[in-house]
Every structure is written in C-alpha cells, then in structure tokens.
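*Asks:* This is the structure I want to talk about, given as structure tokens.
The values are calculated or read from the model by the stated rules, or taken from the named source; none is laboratory data. Predicted model only: the values in this text are computed from it and were never measured. Glycine also receives a Cβ, built like all others from the backbone with ideal geometry; neighbour counts cover every protein chain displayed. Only protein heavy atoms, including side chains, enter the accessible area calculation; ligands, DNA and RNA are left aside. Shrake-Rupley method; radii C 1.70, N 1.55, O 1.52, S 1.80 Å.
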Amino acid sequence: QVRLVESGGGLVQPGGSLRLSCAASGFLLRLFTLGWYRQAPGKQREMVATISSGGSTNYADSVKGRFTISRDSAKNTSNLQMNSLKPEDTAVYYCNAHLFSTDYWGQGTQVTVSA
C-alpha cells in the first residue's frame, strides 16, 4: 500500500524551530520530486518547498532563508527543517511526492506558531 506519513508538527513559540519528516512506504522516493505544501484556515494550499530527484531545491519567498528541505534515499524520507518560525507559518503541512502524472499526498500535520 502506498503511503506518505508526516510527523513532527506541533505547537511552537515565535522564533522557534520544528523539523517535519515524511516517511514513504509502498514505493521508493528516489525518482520523485518531493515537496512540502501548507494550507492555512480559509486559504488555498500553497507550495512551501520542493526538492528534485537530483537535489535541486525551490522555496516559497516567504520561507527562504528559514526553511530547508532535504531528502534521505536510504531512509526513504523527506524532511523540512523550519527555523525562525512566525505566526503566519501556522498551517497544516502536507508532504507530496510527484513523478510525471503521479502525485501522492500525506494526511498532513498541524504546525501552530503562537506565544
């Protein structure tokens, strides 16, 4: 069964850090472009960061310099290191794996940034 499972979300104070992980099962991530997306209440889902199979990265302007996406083929995982978090980063974060016409999504993990 193909699955993506996110973990690492939670409540953090402004300026704090969180590390999200996405574990894949039922398929290998190494050929896929991996991404993290987020959706805040009342807003559309937006791209946060992506990393290609070759390691090229792309970030939303709002997170550049604060977030880092990575992938670990040996562990079949994707990670998102989030530093200097802001209240506007509050959202449900989703892991995505994309290859040609195939898209897999995780169930999402809540990140709340609040004092």
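Conditions tested, residue by residue: (1) within 22 Å of Ser101 (Cβ to Cβ); (2) in contact (Cβ under 8 Å) with a residue 24 or more places away in the chain.
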| position | (1), (2) |
| --- | --- |
| Leu4 | yes, yes |
| Leu11 | no, yes |
| Ser17 | no, yes |
| Ala24 | yes, yes |
| Arg38 | no, yes |
| Asp61 | no, no |
| Asn76 | yes, yes |
| Gln81 | no, yes |
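*Asks:* Give me the residue from the range 73-115 that is under 14 Å from Leu18 (Cα atoms) and in a loop (DSSP other than H, G, I, E, B) and, out of that set, least open to solvent (accessible area, probe 1.4 Å).
*Replies:* Leu85
*Asks:* How many residues does the range 1-37 contain that are of a type in the set (Val, Ile, Thr), surrounded by fewer than 13 Cβ atoms within 10 Å (Cβ to Cβ) and under 17 Å from Ser70 (Cβ atoms)?
*Replies:* Restricting attention to the range 1-37, the residues satisfying the condition of being of a type in the set (Val, Ile, Thr) are 2, 5, 12, 33.
Filter once more, keeping what is surrounded by fewer than 13 Cβ atoms within 10 Å (Cβ to Cβ): 2.
Narrowing the set further to residues that are under 17 Å from Ser70 (Cβ atoms) leaves none.
Residues meeting the conditions: 0.
*Asks:* Of all residues in the range 1-29, how many are in a loop (DSSP other than H, G, I, E, B) and either over 16 Å from the mean Cα position of the chain (by Cα) or small (Gly, Ala, Ser) (or both)? Reasoning before the result, please.
*Replies:* Within the range 1-29, the first condition is being in a loop (DSSP other than H, G, I, E, B), and the residues that meet it are 1-2, 8-9, 13-17, 26-29.
Applying the additional criterion that residues be either over 16 Å from the mean Cα position of the chain (by Cα) or small (Gly, Ala, Ser) (or both) yields 1-2, 8-9, 13-17, 26-28.
Residues meeting the conditions: 12.
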